[in-house]
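The values are calculated or read from the model by the stated rules, or taken from the named source; none is laboratory data. Since the structure is predicted, the reported quantities are computational estimates derived from the model, not experimental observations. Ideal geometry is used to build each Cβ from the backbone, glycine not excepted, and the neighbour counts take in all protein chains shown. Accessible surface is based on the protein model in full, side chains and every heavy atom, while ligands, DNA and RNA are left aside. Shrake-Rupley method; radii C 1.70, N 1.55, O 1.52, S 1.80 Å.
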There are 2 protein chains.
Amino acid sequence: MNAWDDYRIILALERSGSVRGAAQALSVNHATVSRRLAALNRRLDAAVFERIEGRYRATAQGKPLVAGALRMEEAAYAAEREMAGLDQSMSGRLTLSLPDVVAKCLLMEDLGRFCHEHPDIELVLHTSHSFADLDRREADLVLRISNHPPDHLVGRRLFKYARSCYCAPHYLANTAFARLRWLGWPDDADRPEWVQETVFPDVPVGMRIEDPMVRHAAALAGHGLIFDACFVADRAAGLVRVPGALPILDRDIWVLTHPDMKAAPKVAVLFRFLVEAISLKRGLIEGRPATA
Amino acid sequence: MNAWDDYRIILALERSGSVRGAAQALSVNHATVSRRLAALNRRLDAAVFERIEGRYRATAQGKPLVAGALRMEEAAYAAEREMAGLDQSMSGRLTLSLPDVVAKCLLMEDLGRFCHEHPDIELVLHTSHSFADLDRREADLVLRISNHPPDHLVGRRLFKYARSCYCAPHYLANTAFARLRWLGWPDDADRPEWVQETVFPDVPVGMRIEDPMVRHAAALAGHGLIFDACFVADRAAGLVRVPGALPILDRDIWVLTHPDMKAAPKVAVLFRFLVEAISLKRGLIEGRPATA
DNA sequence: ATTCATTGGTGCGTACTTACACCAATGCTT
DNA sequence: AAGCATTGGTGTAAGTACGCACCAATGAAT
């Protein structure tokens, strides 16, 4: 009876190359994968995988099973997507994938209001750093910041968001020009490209911090200049824009969903909500003074 | 973990329209199907099936799942076929589907010899009346008697098999012409088409018997004329060909396999064996006297 | 060379799923 | 209209599969 689930094990083994990795992907114990693979080999009277250089690889006979499992997975994901797209209810789970900074510093109040307006919808925020895969139903909608048009997703490109140069209020006055430093990213060069576009193209990178929030905190503590999103820094107490620094329009803001799910009322209502909420904050996002 | 197996339940429910029918198709208890369907609905937070006029039908939301399950099934069958086609061994299970009469009266000794020559091959004879579906791996090879070319199977058309008119030795001498009767099929008319081609086109059908072996026994018992395969009746003690009755060539004999499995040595060797064994009996099958 | 981490396999107790009942409800046949 | 067959649902006991251990083996890092 558990014949088709074996294909999931085959797929997980092929992808991870180890019994323990496959078990993790399937959220089961590695003993389960080990035993079920053994049972599968016994049932098929042939080895599906062989261990080569410490890695599980499909045998010649196993390869068709892997290919079949891939097609089954595709069919299963498509089926679940299409089913979700036909859901006419305004209740249940609804997942939005978006950059954590956007969630925290730009849309937190709006998302709270959305939950209040739709109390039966269980909104789930997915703020993993990697983009959610809507094909695999990791999310119903994504708010993506990118200059590349999305593969096959549908939705709207809104406008570009702006970044500019910020620092703690007295950092510039208290620091000799030669000791000025940028707060950069771990893989930045001494004078990366983005520095060239700022008002301090000759200041080198000092501390390199991956996490945006930590980089932000470092700037607050007066440890350097930060090139940060205006919607974050302009509203942050304890940071001022460097005099003369203009907002630099960077990547586009996209609100996207999968074509299969566009028609679902739940998805559509959050889509419109996000577009409106973001559009209302266009001035802030593009780094224009709120008084203008 | 048993996520993909639910698609098997969906498919079985869609096809049979009842919980008990689906359970039978899956070889499980109907309570299992009932509970797993309930669990699935709970997990998806939506009904996949609804009962309309006493029959389970997929709901609007369920239809994509059924479509997905169909594609998954197709992928699973294709994967297993391709894997079986790569099997290089000369051992293990090998299934041949063929008409029971052919197995019993024509190839029984040959098939026994095949098993003797290949002791590690577990030959399985599949003599269901309906054609085995090679796509679904119900058999590795089929011996089919038909005038229609096979859909997408590959193999060889050999030659037509012959039928002629037989009866018990003294049936004709002991029966008045007006009381002669054909032994026919249940759905035969009084004077069906096939009677017209015989030497007794004006003799009506008497007893109507579905099973070929039983019809054969009825002829042996002197209950009528029988229009039977020459390879059956010519070798049967107790039946004689009606004087003047010629063999009538009927449908073609095909030996077929699935393209995916043609290359497997096990399949190829049985294929060649069958072609040779049948060809050696061409005279018998075409109803020509053995002395010619 | 030694230590350490990671791998896959196996015994064991538990928890879950299943089959076997029996049940009420519905539809078909007589 | 009444009897019968078939349907889907549920309680219970048995069987199976699972997770948690612990194990030896292998490879990586110091």
If you put a point 7 Å past Cα along the Cβ direction, how far is that point for B:R15 from the same point in each other copy, in nm, smallest first? 2.8
Portion, in percent, of the accessible area of chain A that falls on carbon or sulfur, probe 1.4 Å: 51
Overall dimensions of chain A by Cα: Rg and Dmax, Å: 24.6, 78
With chain A treated as a Gaussian network of Cα nodes joined by springs under 10 Å, which of A:S97, A:S279, A:S164 yields the largest mean-square fluctuation? A:S279
Can you compute 3J(HN,Hα) from phi for each residue in segment B:7-15, using the Karplus curve 6.51 cos²θ - 1.76 cosθ + 1.60 with θ = phi - 60°, rounded to whole Hz and x for Gly and Pro? 5, 5, 5, 4, 5, 5, 5, 4, 6
Please quote Rg/Rh for segment B:5-85 to two decimal places, taking the Kirkwood radius as Rh and restricting both calculations to Cα atoms. 1.01
Using the crude model of +1 on Lys and Arg Cβ and -1 on Asp and Glu Cβ, and no other charge, please compute the dipole size for the protein assembly as shown relative to its Cα centre, in debye to 20. 340
Looking at segment A:81-114, which residues lose a minimum of 50 Å² of accessible area between their chain alone and all protein chains in place, measuring with a 1.4 Å probe and not counting ligands or nucleic acids? A:M83, A:L86
Whole-angstrom Cα spans of segment A:161-249 along principal axes, big to small: 29, 29, 25
Pop out the ³J(HN,Hα) list for segment A:84-91 in order, Karplus 6.51 cos²θ - 1.76 cosθ + 1.60 with θ = phi - 60°, rounded to Hz; leave Gly and Pro as x. 4, x, 8, 5, 8, 7, 10, 9
At a probe of 1.4 Å, how much accessible area disappears from chains A and B on forming the pair, both sides counted, to the nearest 100 Å²? 3000
1.4 Å probe accessible area per residue over the protein assembly as shown, in Å²: 49
Across B:D188, B:D250, B:D228, the residue with the highest GNM fluctuation in chain B (Cα network, 10 Å cutoff) is B:D188
Dipole size in debye (nearest 20) for segment B:5-85 around its Cα centre, Lys and Arg Cβ +1, Asp and Glu Cβ -1? 320
Rg and Dmax of the protein assembly as shown, using alpha carbons, in Å: what are they? 37.3, 131
Using heavy-atom solvent-accessible surface (probe 1.4 Å) with all chains present, what is the largest-first order of A:W194, A:W182? A:W194, A:W182
For B:M108, place a label point 7 Å out from Cα along the Cα→Cβ vector, do the same in each other copy, and report the separations in nm, one decimal, smallest first. 8.6
Under a 1.4 angstrom probe, counting protein chains only, how are A:H126, B:H170, A:H216 ranked by accessible area, largest first? B:H170, A:H126, A:H216
Treating the beta-carbon of each Lys and Arg as +1 and of each Asp and Glu as -1, no other charges, what is the dipole magnitude of chain B about its Cα centre, to the nearest 20 debye? 300
Give the distance, in whole Å, between the Cα centre of segment B:1-77 and the Cα centre of segment A:172-236. 58
Connecting every pair of Cα atoms under 10 Å apart in chain B and solving the GNM, the largest mean-square fluctuation among B:D202, B:D187, B:D140 falls on B:D187
What do you get when you divide the Cα radius of gyration of segment B:142-292 by 2.2 N^0.38 Å, with N the number of residues? 1.20
Placing +1 on the Cβ of each Lys and Arg and -1 on the Cβ of each Asp and Glu in the protein assembly as shown, which of A:F200, B:G112, A:L249 has its Cα farthest towards the positive end of the resulting dipole? B:G112
Rounded to the nearest 10 degrees, what's the angle between the helix A:108-117 long axis and the longest principal axis of chain A, both from Cα atoms, 0 to 90? 60
Helix-derived [θ] at 222 nm for chain A: sum -39500 (n - 2.57) over DSSP H runs of at least 4, divide by residue count, nearest 500? -11500 deg cm²/dmol
